[in-house]
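Reading through the structure tokens given below for one structure.
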Amino acid sequence: MIQLDMKNQSSIFFLFHLLQESLFQDIDLLQKHGINVADIKKLKSVGICTIKGIQMTTRRALCNVKGLSEAKVDKIKEAANKLIEPGFLTAFEYSEKRKMVFHITTGSQEFEFYSILLILFHFFNCFLVTAQLPGAGGYSGGKIIFIDTENTFRPDRLRDIADRFNVDHDAVLDNVLYARAYTSEHQMELLDYVAAKFHEEAGIFKLLIIDSIMALFRVDFSGRGELAERQQKLAQMLSRLQKISEEYNVAVFVTNQMTADPGATMTFQADPKKPIGGHILAHASTTRISLRKGRGELRIAKIYDSPEMPENEATFAITAGGIGDAKE
């Protein structure tokens, strides 16, 4: 016999609803919210056939659809938002959702692939658990919000890290709010929800993670012709993050991407890679840490820029329980 308390019942109902809605919502549902058939056909003509497809498309791109004005696009976006959940799930709910993902085997059980992305993956997974633990100076631990722009979040990895620190799996997952961002506009809109949540549960949330801050900007803005607009939008987002951090006393951790500098070889630089985002991202960040792969399981973190710490390097290892001390 299985007994369920009310909390579990509501979670199961949510997951059942999630499974029902997980495939897609047809764009024709917009008719119930005042969008006419002609405008829906225009969206279908450019391959936007679902409600999530609207969420994944920027307003600028929708305005480029023949026959759609800015006023119509705003109305379509507003109607679509009424049909979609706010976007945040607990890590436990997202873990259940990911059980529907199928896997294709490589044929080798021993196959492993580590890259800089996996180093970042282990970093923020550790933060998702350790930020919940009581610490020095009276720190009582708290909840975390995670905004994922690259679809790299794997909540089941938190279970292994929870084992290392002897904390309950489900409690750890329930304390993490997760949302997938699809465009730079959507990423900015999610910050409105973040601020509202921080206000609603004052003092409860301690950490906001965005992985990665630049990925969607690189997709939505291309070429030098749109660089100025991209940097302006980026500056607005970073300013919003700084204000949220100071207003609600919450730490903000963002990951970034690297790019190869073609001119570096001409100046005989040892490392031709540099972080993207330009000076705007550099100046908005308080402390910047560069990560790279070392020998074997070793990884190296270097303080790239900090107002209170000198430039230095630290070596660490990736273990089953997350980030650990390096053992030569």
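Quick notes
- Some residue of segment 227-237 being touching a Lys or Arg at 6+ places or on another chain (Cβ under 7 Å), under 27 Å from LYS52 (Cβ atoms) and modelled with pLDDT of 85 or more: no
- Criterion: of a type in the set (Gly, Ala, Ser) and loosely packed, with under 15 Cβ neighbours inside 10 Å - qualifying residue of ALA317, ALA282: ALA282
- Matching residues, segment 235-249, being surrounded by 15 or more Cβ atoms within 10 Å (Cβ to Cβ) and over 13 Å from ILE213 (Cβ atoms): ILE244, SER245, TYR248
- Residues that are part of a loop (DSSP other than H, G, I, E, B), modelled with pLDDT under 70 and either within 27 Å of the chain's Cα centre (by Cα) or loosely packed, with under 14 Cβ neighbours inside 10 Å (or both), drawn from segment 254-271: ASP261, PRO262, GLY263, PHE268, GLN269, ALA270, ASP271
- Matching residues, segment 168-184, being open to solvent by less than 40 Å² (accessible area, probe 1.4 Å) and assigned to a loop (DSSP other than H, G, I, E, B): ALA181, THR183
Here's the yes/no breakdown for (1) in contact with a strand residue (DSSP E or B) (Cβ under 6 Å, 6 or more places away or on another chain); (2) among the β-branched types (Val, Ile, Thr):
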residue	(1), (2)
VAL172	no, yes
ALA181	yes, no
GLU185	no, no
LEU190	yes, no
TYR193	no, no
GLY203	no, no
SER222	no, no
GLU226	no, no
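- Among the conditions (1) under 27 Å from THR58 (Cα atoms); (2) surrounded by 15 or more Cβ atoms within 10 Å (Cβ to Cβ); (3) at pLDDT below 85, ASP192 misses just one, which is (2).
- Subset of segment 138-154 [at pLDDT 85 or above, open to solvent by 10 Å² or more (accessible area, probe 1.4 Å) and closer than 13 Å to LYS206 by Cα]: LYS143
- From the options LEU208, LEU216, LEU227, residue that is crowded, with 19+ Cβ neighbours inside 10 Å and over 23 Å from TYR304 (Cα atoms): LEU216
- Selection from segment 101-137 of residues that are modelled with pLDDT under 50, part of a loop (DSSP other than H, G, I, E, B) and under 21 Å from the mean Cα position of the chain (by Cα): TYR114, SER115
- When GLN187 is tested against (1) of a type outside the set (A, V, I, L, M, F, W, C); (2) at pLDDT 85 or above; (3) surrounded by fewer than 21 Cβ atoms within 10 Å (Cβ to Cβ), only condition (3) is not met.
The values are calculated or read from the model by the stated rules, or taken from the named source; none is laboratory data. What you see is a predicted model, and the numbers here were worked out from it, not measured in a lab. Note that we place each Cβ from the backbone using ideal geometry, even for glycine, and neighbour counts take in every protein chain shown. When the accessible area is computed, the model is the full protein with side chains, heavy atoms only, and any ligands, DNA or RNA have been set aside. Shrake-Rupley method; radii C 1.70, N 1.55, O 1.52, S 1.80 Å.
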